[in-house]
Each structure stands twice: as C-alpha cells, then as structure tokens.
Amino acid sequence: MTGLRENPSGEITREDADTFDRLYREYATDVLRVCYFYLGDRQRAEDVCQDVFVKLITTRPVLQPDKEKAWLLKVALNRCKDLWRSAWLKRVVLGSPAFELVPAPDDLAKHDEEERVMRAVNALPPEFKEVVLLHYYQGYGIAEISEMLAVPTGTISSRLSRARKKLEAQFEGDEES
C-alpha cells in the first residue's frame, strides 16, 4: 500500500515526500487534462489540479498502488463538479474549451475535428461528460469507472451509451446545418 503517513511529530517524512513527488510526476498531467476538458478553462484546471495534490498531502490517504490515479481523478472530478455547479461559473463560462495552440496549416482539418469533438463532449451533461472523459480520454474500463465513481456498472454502461447517442445526434445535426 502506498500512503502518506503522519509521523508522531506531525511532520512529513522523506518517504512521504518521495511518494508525493512520484505521484505528482506520474499523474499531474492526467489530472490537469481531465480538469481542463471538464472545465474548459486552463487556469481553473490548474487550480483544481493543485487542489487535488494539496488534498493528497494534507489528508494522506492510504492508496493501493493500482488505484492511485483513480483516487486522484475522482477527487479532481468532484472538485470540477463543485466548480461547475457554482452560480458564478455558470454565468461566466458559457462556451467550450478553446485549444491554446494554433495548428500548422496541414493540421488544420484535424484541429477543426478535435475542436468539434471537444465542443460536443463539453456540451454533455456532467454525468455523461465524466464517463466519456474517463473512458475515452483516460482509457478506464466500465468496471474501473464504476468503482471510481461509486456507481453501478450498469449505470456507467448506460451513461456511455446515452452519451454516444447524444454525440451522434449532435454530429448529425451539425452535418445537416
């Protein structure tokens, strides 16, 4: 088991600091990416990513080696949901995430398609968006997502299916326009 444990003096040990550093190096990019896709704002995504790792060091959970990333992403998604529900964010953030890099001319079609997909995913209701992000962008299986979100596997399968149908309908509507 991996965990950050408080020693009797309340200080973080060298072993704990090494564990934290390793987890940050391995998973910070994934946490940031999920937050960015969910929120559509790089600065807010960075804030949430920081919050996740602060929570890791302050709560010092005991994590199973194969469940570390899942714990970090679950905390990140919960924080993103909290932000998304806030009235201020609903008033201010109305669009979808914009890509920050200008593509080379030969990548323009690919960039347009990626942006179209991102707009469609970002427009999904939160319960659909999170399963799409975890399944397609992070590569988790239905059982893993079920465990991570504490939701039955049938519900996860249903959400993925319904999300795909919503995306298909949106793309069909875009093509008809």
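All conditions in (1) at pLDDT 85 or above; (2) outside any helix (DSSP H, G or I) hold for ALA98, with the sole exception of (1). Only one of the listed residues (LEU77, LEU56, LEU89) is over 15 Å from GLU26 (Cβ atoms), at pLDDT 85 or above and either within 18 Å of the chain's Cα centre (by Cα) or exposed (fewer than 15 other Cβ atoms within 10 Å of the Cβ) (or both). That residue is LEU77.
Looking only at residues in the range 59-74 that are among the aliphatic types (A, V, I, L, M) and in a helix (DSSP H, G or I), which one is nearest to the chain's Cα centre (by Cα)? Applying the filter and picking the extreme gives LEU73.
Selection within the range 145-154: residues that are modelled with pLDDT of 90 or more and either closer than 16 Å to LEU77 by Cα or touching a strand residue (DSSP E or B) at 6+ places or on another chain (Cβ under 8 Å) (or both). The member of this set that is surrounded by the fewest Cβ atoms within 10 Å (Cβ to Cβ) is VAL151.
Confirm whether GLU15 is closer than 22 Å to ALA70 by Cα and modelled with pLDDT under 90. In short, yes.
Mind listing whichever residues of the range 126-177 are in a helix (DSSP H, G or I) and among the small types (Gly, Ala, Ser)? Scanning the range 126-177 gives ALA143, SER146, GLY154, SER157, SER158, SER161, ALA163, ALA169, GLY173.
The values are calculated or read from the model by the stated rules, or taken from the named source; none is laboratory data. The structure displayed is predicted, hence computed values, not measured ones. Note that each Cβ is placed from the backbone with ideal geometry, even for glycine, and that neighbours are counted across all protein chains shown.
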